[in-house]
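The values are calculated or read from the model by the stated rules, or taken from the named source; none is laboratory data. Treat the numbers as computed from the prediction; the structure is a model and nothing was measured. Don't worry about glycine lacking a Cβ; one is built from the backbone with ideal geometry, like all the others, and counts go over all protein chains shown. Heads up: the accessible areas ignore ligands, DNA and RNA and are worked out on the full protein's heavy atoms, side chains in. Shrake-Rupley method; radii C 1.70, N 1.55, O 1.52, S 1.80 Å.
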Amino acid sequence: MRAPADRVRIRGARTHNLRNVDLDLPRDALVVFTGISGSGKSSLAFGTLYAEAQRRYFESVSPYARRLIDQIAVPDVDSIEGLPPAVALQQHSGAASARSTLGSVTTVANLLRMLYSRAGDYPRGQPMLHAEDFSANTPQGACSHCHGLGRVYEVTEAAMVPDTSLSIRDRAIVAWPPAWHGQNLRDILVTLGHDVDSPWCKLPKKTRDWILYTDEQPTVPVYAGFTPAETRRALRRKMEPSYMGTFTGVRRHVLQSFRTSHSALMKKRAARFMSASACPVCHGRRLQAAALGVTFAGLDIFAFGELSLNDLSSRLRRSRSPARSAPDVDEKRLVANRIIDSLLDRIATLQRLGLGYLAPNRATPSLSPGELQRVRLGTQLRSNLFGVVYVLDEPTAGLHPADTEALLDSLQQLKDAGNSLFVIEHDLEVMRRADWLVEVGPGAGQDGGRVLYSGPPGGLRAVADSATRPYLFAPTVPMARTPRPPQGWLKLKNVTRNNLHRLDVAIPLRVLTVVTGVSGAGKSSLVSAALPELLAERVAGQKVPTQEEVTDEPPAATPDLTQGMIDDGADAVQRLVAVDQKPIGRTPRSNLATYTGLFDAVRRLFAATPAAKSRRYSAGRFSFNVEAGRCSGCAGEGFVTIELLFMPSVYAPCPVCHGARYNPETLKIRFQDRNIAEVLALSVDEACRFFEGFPAIQRPLQLLQDIGLGYVSLGQPTTEFSGGEAQRVKLATELQRLSRGGTLYVIDEPTAGLHPADIDKLMRQLQALIDAGNTVVVAEHDMRVAAEADWIIDLGPEAGDAGGTVVAVGTPQDIVRQPLSRTARYLAPLIALAPPSVPGRTAIGR
């Protein structure tokens with residue numbers, strides 16, 4: 001029996017933790033998938049529905065073309081009927097290349113180039129340029145000196161040789177590679193007759209410059225292990241060398257490593273020795289002089305692209321010629337009007353999505369995942385596709401409630417055009433606006449994977465097991481406690497960073513402060529950038545270590561550093577911890593157990609068993625990164641990759657260890673009737689029960705459980721964590737420390753990807769930090785979090801250049817009385833209005 005034309009019928013879905021799910025979904029509707037974190041929402045929406053739609057599409061593509069496309073895994077499902085073609089709009093960070101900009105992604109840049117080509121004001125006597133001549137990514141348009149990057153790179157002697165008192169043998173040249181390759185280059189210098197034992201500063205400048213900057217690559221005999229004197233004798237006697245070695249200058253090695261290495265770590269290491277400055281020819285504007293000489297509305301194309309979309313729209317409207325009769329309009333004006341109309345149409349779509357504060361020249365790697373998803377959504381709104389399923393991953397991530405309304409209007413526009421929307425979402429307002437609601441659960445991981453409810457949102461009232469019901473249908477959530485009074489103030493003065501300009505703001509100590517404001521108002525600039533940077537020099541603390549993003553571009557020419565000062569209160573902060581959403585894993589060998597440190601204690605338990613002692617196994621034996629204990633077939637990976645040429649690569653369990661990662665001898669050792677591989681397969685919830693009575697292991701597990709990560713397995717690679725999961729793992733790792741108070745925790749949007757039930761768990765942890773004598777500052781859009789704050793700093797009033805100022809400060813009760821605050825309207829329903837705060841407190845905060 002076929003599915004009705006207005007339904008998508010799923011039978012027997014078993015992807016990841018889904019338990020043989022059968023489900024019928026309406027088409028041409030807004031369908032919202034919800035459930036607590038880890039319940040199986042993404043497995044159903046992306047891992048099953050979108051994956052099957054993609055698989056069917058690729059069946060129509062030639063085998064050769066399939067090789068060039070990154071295909072996702074085939075879903076584990078019996079059948080799906082009535083599934084239209086699908087478009088996925090997921091939460092991904094921007095493209096790796098800084099050459100990719102907002103303008104290029106949205107085609108705004110293409111139209112701007114056409115506008116300058118056909119309707120720009122040219123210098124007298126200059127021939128007309130083609131649109132490609134205005135692109136920094138084409139040979140004819142890019143500045144020939146910096147190749148269109150706008151900056152040039154130098155590898156300075158100070159970076160390559162930071163300690164000139166060391167000799168070359170003592171590794172004075174830190175930019176050279178470590179291990180054998182570095183020794184090889186030192187041996188080559190010995191053969192070439194250079195002194196490798198005198199301090200670098202004592203070498204002649206001519207010698208130093210040749211070693212650092214030469215492009216010569218002489219190949220000479222190398223006598224490995226010989227002293228300089230022995231090498232000289234061997235050369236005179238023409239002895240057989242160990243091998244022939246080719247020299248590479250230090251700067252050449254650094255630049256070549258960055259340009260050609262496929263290793264992210266090698267690129268990152270090389271970038272440490274590179275300094276950037278604005279190109280002296282184009283002055284950072286990336287284009288040839290001929291293109292920069294053409295203006296429109298008094299600006300060259302680079303300056304035009306630096307305007308925000310809001311300012312760009314205003315300037316274009318002023319530049320548009322009024323409508324006239326055809327004989328009166330010259331060709332140039334007619335073309336300009338046509339292009340301007342197209343530009344205004346594209347820009348208006350992005351403005352409606354709350355992106356008007358962004359500039360076309362903004363590099364896509366600098367966009368947040370939420371911003372980039374809305375950019376892609378704007379592109380789809382203009383594509384006029386019909387009969388498509390759009391699968392979206394938390395499109396409200398990073399959005400203020402005011403911006404969410406604009407997003408919902410855009411989704412309605414897509415639906416009205418005859419499309420279906422399958423949306424993974426935790427935002428309660430999106431659930432209320434849905435045509436159909438699917439809740440997956442009831443728990444996470446092995447406790448989830450079932451469809452608890454599928455139908456109109458109102459029907460969820462009758463589902464007793466629903467974790468969403470208490471939040472979706474609560475009329476109001478009055479604030480349950482009185483805000484704590486501040487125990488001092490941390491005062492920042494003249495803060496300038498991004499759109500913050502000479503901002504004065506006071507942050508109360510030993511309370512929970514939530515920084516609110518519309519998307520782009522300056523919250524992250526204040527909380528994640530300015531505050532930690534200004535405090536870093538004053539506080540003997542450290543940030544939680546994170547993995548820096550590695551791109552295909554060297555460091556920026558002029559790093560955007562915070563200006564301003566801590567005017568008062570820094571002495572009260574003894575330690576600074578900044579917790580962001582950057583990835584925490586470089587390789588799949590890093591997992592939850594190793595990152596949090598609890599695996600060390602687990603391995604010691606296994607090493608202390610009688611069976612391990614009798615075999616003289618140390619704790620290192622139980623690491624899958626150590627050769628003695630790991631499986632030789634997969635080197636401890638647990639899987640092997642099978643290339644299928646015209647089909648997606650298949651990751652199969654290792655045929656030797658069957659995914660266990662360890663060799664048979666190691667797996668024979670059992671602790672409480674489980675081997676080490678079986679322990680890694682436990683979820684945090686299961687491990688809490690298993691290690692009861694072992695405080696060194698149970699404490700970090702309990703923290704992970706309390707912060708909403710009970711569904712994650714101990715062996716889950718850190719590379720597979722979402723941004724929100726990575727942030728919570730960092731926070732749980734930090735919470736393991738026995739805090740004596742005086743720590744300032746700075747957290748950027750900790751509720752990202754969290755169900756309201758999980759947010760409650762998180763808030764209990766944050767409130768406990770404050771009760772222990774610490775200060776927590778959070779940038780957040782969730783109004784339930786703001787309602788639980790002791791103090792709110794509301795930035796705005798709008799985004800970008802129209803933001804960056806303090807609109808209102810005070811307790812939540814104070815904020816809802818502020819007419820200029822765009823947050824007040826959305827916060828008010830959650831606040832049980834109480835008398836205003838103590839007189840003078842709001843003034844101090846300002």
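Annotations for the structure displayed:
- Inter-probe distance in nm under a simple model that places probes 7 Å from Cα toward Cβ, at residue 600 and residue 409: 5.5 nm
- Rolling a 1.4 Å probe across the protein heavy atoms gives the chain an accessible surface of 45 Å² per residue.
- Measuring only protein heavy atoms, the 1.4 Å probe finds residue 807 accessible over about 30 Å².
- Förster radius 45 Å - calculated FRET efficiency between residue 694 and residue 22, Cβ distance, rounded to 0.05: 0.60
- Listed candidates (i) 108, 81, 55; (ii) 81, 73, 49; (iii) 92, 90, 70 - label of the one calculated as Cα extents along the principal axes in Å: (iii)
- Simple spin-label estimate for residue 297 and residue 219 in nanometres, 7 Å along Cα-Cβ: 6.0 nm
- 5 Å-binned pair-distance histogram of the stretch 149-276 (Cα, whole percent): 2, 11, 20, 23, 19, 13, 7, 4, 1, 0, 0
- Linear extension gain, residue 740 paired with residue 465, 0.36 nm per residue minus alpha-carbon span: 95.0 nm
- Accessible area of residue 561 in the full protein assembly, 1.4 Å probe (Å², nearest 10): 110 Å²
- Longest to shortest principal axis, alpha-carbon extents of the stretch 673-718, angstrom: 27, 26, 14
- Rounded to the nearest 5, the antiparallel percentage of DSSP beta bridges internal to the chain is 60%.
- When 19, 346, 825 are compared by accessible area of protein heavy atoms, the largest-first order is 825, 19, 346, using a 1.4 Å probe.
- Between residue 207 and residue 229, the contour length at 0.36 nm per residue exceeds the Cα-Cα span by 6.0 nm.
- Computed from Cα atoms alone, the Kirkwood hydrodynamic radius reported for the stretch 354-421 is 12.7 Å.
- Probe 1.4 Å - accessible area at residue 275, Å² to nearest ten: 50 Å²
- The stretch 566-622: C-alpha gyration tensor shape, a/c 1.5 cut-off, then a/b vs b/c: oblate
- Sulfur and carbon atoms: percent of accessible area, the chain [1.4 Å]: 52 percent
- Computed from backbone phi, the HN-Hα couplings of the stretch 118-129 come to 9, 10, x, 8, 8, x, 4, x, 7, x, 5, 9 Hz, rounded to whole numbers (Karplus: 6.51 cos²θ - 1.76 cosθ + 1.60, θ = phi - 60°; Gly and Pro given as x).
- Between residue 296 and 121, the built amide H atoms are under 5 Å apart, and every one of these is 5 or more places off in sequence or on another chain.
- Between residue 79 and residue 817, the modelled labels are 6.5 nm apart [label points 7 Å from Cα along Cα→Cβ].
- Summarised in one figure, the compactness ratio Rg/Rh of the stretch 683-757, Cα atoms and Kirkwood Rh, is 0.97.
- Partners of residue 668 within straight-line reach, counting aspartates and glutamates whose Cα lies under 20 Å from its Cα and excluding those fewer than 8 residues away in the same chain: 600, 627, 637, 678.
- Listed by chain and number, the lysines whose C-alpha is less than 23 Å from the C-alpha of residue 493, apart from same-chain residues fewer than 8 away, are 523, 543.
- Full-extension gain in nm, residue 768 to residue 145, via 0.36 nm per residue minus C-alpha separation: 218.7 nm
- Of the trypsin sites (Lys or Arg not before Pro) in the stretch 32-66, not one is in a loop by DSSP (not H, G, I, E or B) with at most 14 other beta carbons within 10 Å.
- Taking only the C-alpha atoms of the stretch 267-416, Rg followed by Dmax gives 19.4, 64 Å.
- Cut-off 11 Å, label 7 Å out along Cα→Cβ of residue 246, residues of the stretch 155-180 by amide N: none
- Isolated Cys residues of the chain, judged by Cβ distance under 4.7 Å to other cysteines: 201, 688
- Of all lysines in the structure, those lying under 21 Å Cα to Cα from residue 267, and not within fewer than 8 positions of it along the same chain, are 582.
- Shape call, the stretch 284-324: gyration tensor on alpha carbons, a/c limit 1.5: oblate
- Of the GluC sites (Glu not before Pro) found in the stretch 126-217, those that fall in a DSSP loop while having at most 16 other beta-carbon atoms within 10 Å are 216.
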